[in-house]
1. Sorting K186, K209 on the 10 Å Cβ count, fewest up front, what's the list?
2. With label points built 7 Å along Cα→Cβ from the Cα atoms of E215 and C188, find their separation and express it in nm.
3. Can you bin region 185-310 into rounded, prolate or oblate? Criterion: square roots of the alpha carbon gyration tensor eigenvalues sorted a ≥ b ≥ c, rounded for a/c under 1.5, prolate for a/b above b/c, oblate for the rest.
4. Just to be sure I understand: if I project the alpha-carbon convex hull of region 4-179 onto a plane and average over all orientations, what area do I get in nm²?
5. Of all beta bridges DSSP finds with both residues in the chain, what is the antiparallel percent, to the nearest 5?
6. Can you tell which of G95, G253, G211 shows the greatest fluctuation in a Gaussian network model of the chain with Cα springs below 10 Å?
7. Determine Rg/Rh for the chain; Rg is computed over alpha-carbon atoms and Rh is the Kirkwood hydrodynamic estimate from the same atoms.
8. Please report the spacing between the Cα centers of region 1-76 and region 145-194 in Å, no decimals.
Amino acid sequence: ELPAIAFIGLGNMGGPMAHNLAAAGYRVIGFDLVPEALEKARAAGVEIASSGAEAVRSAASASQSLVITMLPAGRHVVGALKGSDGSDGRDPVEGLLAAAAPNTLFMDCSTIAVEDSVAVRELTTAAGHRVLDAPVSGGTVGAEAGTLAMMVGGAAEDVAEAMPVLEVVGKRIVHCGPAGNGLAAKVCNNMILGASMIAVSEAFVLGEKLGLSNEALFDVASNATGQCWALTTNCPVPGPVPTSPANRDFKPGFAGALMAKDLGLAKSAIEATGIEGRMGLLAEEIYARFAEGEGGTKDFSGIIELIREQSTP
Ligand code: NAD
């Protein structure tokens, strides 16, 4: 019998993930704070609960259950797990941890700070449950197609238990080590991505100034040592890669605001560990500026426009 899944957070990513799980035959009981997200999920075959805790309790009535959270940031995840007693003046909210059957497996797929994931791990284990971090990459397109790359941290037997579920929502699933390591991998990967997109964009703007055609630079670099995803898949100039966002006025794709968020997490991790991370910190600064303006809603490869703008004409 398939485990029942409580799915908390049915937004741009969680919505299609929950949909794919329901389509694969899982009983999925979902909850979100936004009524439209609930309606969409219901139409996609997800049972709707009246609260997160209710979704968890309903899933716990099956012989096996799993709780997935897919929320914006660390404070949302911690808040949903703990709940609140109303002393903050708002309506009390029952926490997910208290509603779960003993030893329930919790899997957080949100992209949160490494230090928040430590808090999630401590809270969850202190409540007598098990925990995995499984942040994803691949955007809403990957979420809809069920082809997300998943970076998983946790005990091997818990990862094995979640594997059939991971295989429905994802394609490349890597067990990165103990809990927290999934997020560590995600943060490191996106730091490479942010810094390499800036480097590729600067190279195209420099090439243009030096009289080099974009096509010529692409033909050389894509077959030489400058080769990377930012160049060959998400090329920031139109032409060489017809499917890249540069060909459609930088419609995302992977929005600048999300890149700025992920680099903010990289910055916290650089500062917490004290590594020499000047490239990562600079990428964070550049994307933070980009995301303040129109860049927030554009694909992150639109950074090339900011670089052009700030170059001497
Ligand atoms: P989103 O804002 O579309 O969805 C988050 C949902 O969580 C919202 O619908 C919100 O109402 C709901 N929510 C917030 N607090 C809640 C609570 N206490 N209980 C129930 N629901 C609650 O965000 P998203 O794009 O789906 O992203 C989710 C996570 O995945 C983020 O951490 C993001 O960084 C990460 N991520 C996003 C992408 C992407 O391309 N969108 C790609 C990779 C990773």
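1. Ranking K186, K209 by Cβ neighbours within 10 Å, fewest first, gives K209, K186.
2. Result for the modelled spin labels: 4.0 nm.
3. prolate
4. 9.1
5. Once the DSSP bridges in the chain are tallied, antiparallel ones form about 20 percent.
6. Fluctuation is largest for G211.
7. Rounded to two decimals, Rg/Rh equals 1.02.
8. Cα centroid to Cα centroid, the span is 19 Å.
Values quoted throughout were computed directly from the atomic coordinates according to the rules given, and no laboratory measurement underlies them. Since the model is a prediction, treat every value here as computed from it, not as a measurement. Ideal geometry is used to build each Cβ from the backbone, glycine not excepted, and the neighbour counts take in all protein chains shown.
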